[in-house]
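*Asks:* Mind having a look at this structure? Questions to follow.
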Amino acid sequence: MLSDPQWNFVNIYERSFRTNWDLEAVSDYGTSKTLTYGHLAEQITRLHILFKQCGVQKNDRIAVMGRNNVNWVSVYLASILYGGTIVPILQDFKPNDALHIINHSEAKLLFVGDLIWEGLDLEQMPDIDAVFSLMDFRLLATRLTGLGARKEDFAWGAVEEAFCQKYPDGMRAEDVRFAPRANSEIASINYTSGTTGFSKGVLTPCNALAGNVKLGFESGLIFPGCRHVAFLPLAHAYGCAFDLLSCLAAGGHTHLIGRTPSPRVLLQAFAEVKPTVILSVPLVLEKIYKKLIVPQITKRPVSWVLRVPFLDEMVYKKIRETLVEAFGGCFREVIIGGAPLNPEVELFLHKIRFPITVGYGMTECAPLIAYTPAESFRPLSCGQALKGLMEARIAHPDANGVGEIEVRGENVMAGYYKNKDATKKVFTKDGWLRTGDLGIIDADGFLFLKGRNKTMMLGPSGQNIYPEEIEAKLNNMPFVLESLVIQHEGKLVALVCPNFEDVDAEGMSREQVDEQMEANRKAVNEQLANYEQIAKIKLYPHEFEKTPKKSIKRFLYTSLAE
């Protein structure tokens, strides 16, 4: 455990609120709603009064489900700083999945978006005492008679009266005091959204969250006045740890985007906010790459110039400057996480010296395991295990050094909630966490992912086949939006969702699309070993269903190769 009191989770935020009282803390992007650190501390304190009125005790669970907004942030921090356990639920979860999480976690309160609430029913949530809107904190449903005979009777007047009695002259920076907690205590239960099946509740201790924040400070990526655009869902560990917790620990300003962002919306936000660091998942950057860069480098005059030494450097410099400006022009680096970046995109960005790095993590590590700053990043790796925080090793490597990645350190979870069997299976006898990912570690400690242990396939002679590597090549082919490689009767079949926008622009018929995909299959096979050959491409009519970090839910499509 992090023993230095400065890295105690509660101490981090008490210190930040006091020090940065008048600075802007969080804003709903596209609106005028902004809270300073002082206003955020006051809102958290009012919520603490509400929790007490609702009978919330230490370690009780409080669930929150909705889009990124300042009220979501308030509920999240208020729950942990009260002594409770926050249960963030991804807003993309279907009602049945949300109900399972709410009931499995035994949450006492639920804060929820109004539209999401329309698909839920209090009668199906036996442990919930009260439900509040994330829009304005009004009471949506309750079993607590103390809040009023009917939900319409509830008013914030009683909360405000109690607040004014506690702070008759108004709350000041020196009044910030939160419930003391040891870093060993559970701060949140994060339910995995994985690509391989049913979600599990990850018990995240305060220590794991503090470890990620510590990395943010030591990397120099967060500092007073830093600016973040939070477009990843805060209910996911990656965006929450760095766009929210790390930024607010340092006195930074987080701009929250509450809807699924298109490249156009993102680039507009980057231009206006001018973020100092950018966190993204691969899919977002790959879409921007295709929109901004590919049209430039495929034009005939430019593609010709790129073959000429010295002239190509001038073109690359211009592209880099254009891309840096598109991202706001003030960022130190773009950090990719959640899934591997397409190798073609990564290598091109490295070639033009665009400041990008790829990290590695998982919900069970809140989330970061490995990271290296952009200036020392090794292309196609996912960085080195966090110095002083995490360790990584390869278990049972094969002849090529590939084996399962196992980790241990400050960021590791305490286990799975109410699931002793799964907890026992995921930890080795000597205390290392089995990640389920396959990879290698080079002589300098850089980690290279090969694929998921559960998605690895065996070739005809027992060779290891990593479908993600084949998909990365196929996704670079003409008219391919995305792909998924699965195995059927010993042969590899690629499900391909065509880029219908490009198909329509070219006026292609179904027969022409089929011909193009067959040409793609042959072209990809030329890049693959004999045991990795794609036997057939099967068209899929729309994008694959994905987790919030934009990984395809592979388990849904295993039967479609037939």
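The values are calculated or read from the model by the stated rules, or taken from the named source; none is laboratory data. Note that the structure is a prediction, hence the values are computed from the model and not measured. Glycine also receives a Cβ, built like all others from the backbone with ideal geometry; neighbour counts cover every protein chain displayed. Remember, those area values only see protein heavy atoms, side chains included, never the ligands or the DNA or RNA. Shrake-Rupley method; radii C 1.70, N 1.55, O 1.52, S 1.80 Å.
*Asks:* Which value in Å is the Kirkwood Rh of the range 435-530 over different Cα pairs?
*Replies:* 15.1 Å
*Asks:* If you plug each phi of the range 433-438 into the Karplus form 6.51 cos²θ - 1.76 cosθ + 1.60 with θ = phi - 60°, what whole-Hz ³J(HN,Hα) values come out, in order, with x for Gly and Pro?
*Replies:* Taking θ as phi minus 60°, the curve returns 8, 7, 7, x, 9, 9 Hz for the range 433-438.
*Asks:* Can you give the net charge of the other residues whose Cβ lies under 14 Å from the Cβ of Pro180, counting K and R as +1 and D and E as -1?
*Replies:* Every neighbour counted, the sum reads +2.
*Asks:* Given R₀ = 30 Å, FRET efficiency for Lys287-Glu515 by Cβ-Cβ distance, to 0.05?
*Replies:* 0.70
*Asks:* While we're looking at this one, here's another question. What is the range 380-429 by shape, rounded, prolate or oblate, if you read a ≥ b ≥ c off the alpha carbon gyration tensor as root eigenvalues and call it rounded for a/c under 1.5, prolate for a/b larger than b/c, and oblate otherwise?
*Replies:* Cα axes put the range 380-429 in the oblate bin.
*Asks:* With viscosity set to 0.692 mPa s and temperature to 37 °C, compute the Stokes-Einstein D of the range 57-215, Rh being the Kirkwood radius across alpha carbon pairs; µm²/s, no decimals.
*Replies:* 194 µm²/s
*Asks:* Quick check on my link table: of Lys450/Lys538; Lys94/Lys538; Lys274/Lys387; Lys387/Lys429; Lys200/Lys553, which ones sit more than 18 Å apart, alpha carbon to alpha carbon?
*Replies:* Lys450/Lys538; Lys94/Lys538; Lys274/Lys387; Lys387/Lys429
*Asks:* Grab the beta carbon distance between Lys58 and Glu174, set R0 = 25 Å, and tell me the FRET efficiency rounded to 0.05.
*Replies:* 0.50
*Asks:* Still on this structure: Over the chain, calculate the relative contact order: mean separation of alpha carbon pairs under 8 Å at least 6 apart, over the residue count, as a percent.
*Replies:* 11 percent
*Asks:* Would you please state the base-10 log of I(q)/I(0) at q = 0.12, 0.16, 0.23 1/Å for the range 296-384, with intensities from the Debye formula using one equal scatterer on every alpha carbon?
*Replies:* Debye output, listed in q order: -0.44, -0.71, -1.14.
*Asks:* Going by average Cβ neighbours within 10 Å, how do the peptides 495-507, 91-103 rank, with the highest at the top?
*Replies:* Going by the mean number of other Cβ atoms within 10 Å, highest first, we get 91-103, 495-507.
*Asks:* Using a simple spin-label model with points 7 Å from Cα along the Cα→Cβ vector, what separation in nm is obtained for Glu506 and Met135?
*Replies:* 4.5 nm
*Asks:* Which whole-Hz ³J(HN,Hα) couplings does the range 485-501 yield from phi under the Karplus relation 6.51 cos²θ - 1.76 cosθ + 1.60, θ = phi - 60°, glycine and proline marked x?
*Replies:* Those phi angles translate into 9, 10, 10, 9, 6, x, 10, 8, 10, 9, 7, 10, 8, x, 7, 5, 4 Hz.
*Asks:* Which whole-Hz ³J(HN,Hα) couplings does the range 213-230 yield from phi under the Karplus relation 6.51 cos²θ - 1.76 cosθ + 1.60, θ = phi - 60°, glycine and proline marked x?
*Replies:* Result, ordered by residue: 5, 4, 4, x, 5, 5, 6, x, 7, 10, 6, x, x, 5, 10, 10, 10, 8 Hz.
*Asks:* At a Förster distance of 30 Å, what's the computed FRET efficiency of Lys536 paired with Arg259, Cβ-Cβ distance as r, to 0.05?
*Replies:* The value I calculate is 0.20.
*Asks:* Tell me the per residue accessible area of the range 289-394 using a 1.4 Å probe; a whole number in Å² is fine.
*Replies:* On a per-residue basis, 48 Å².
*Asks:* Within the range 44-150, report the GluC sites (Glu not before Pro) that DSSP leaves as loop and that have at most 11 other Cβ atoms within 10 Å.
*Replies:* Hits after loop and neighbour filter: Glu118.
*Asks:* Which entry is the computed Cα extents along the principal axes in Å for this structure: [x] 165, 57, 50; [y] 74, 51, 50; [z] 82, 52, 48?
*Replies:* This structure yields the entry labelled [y].
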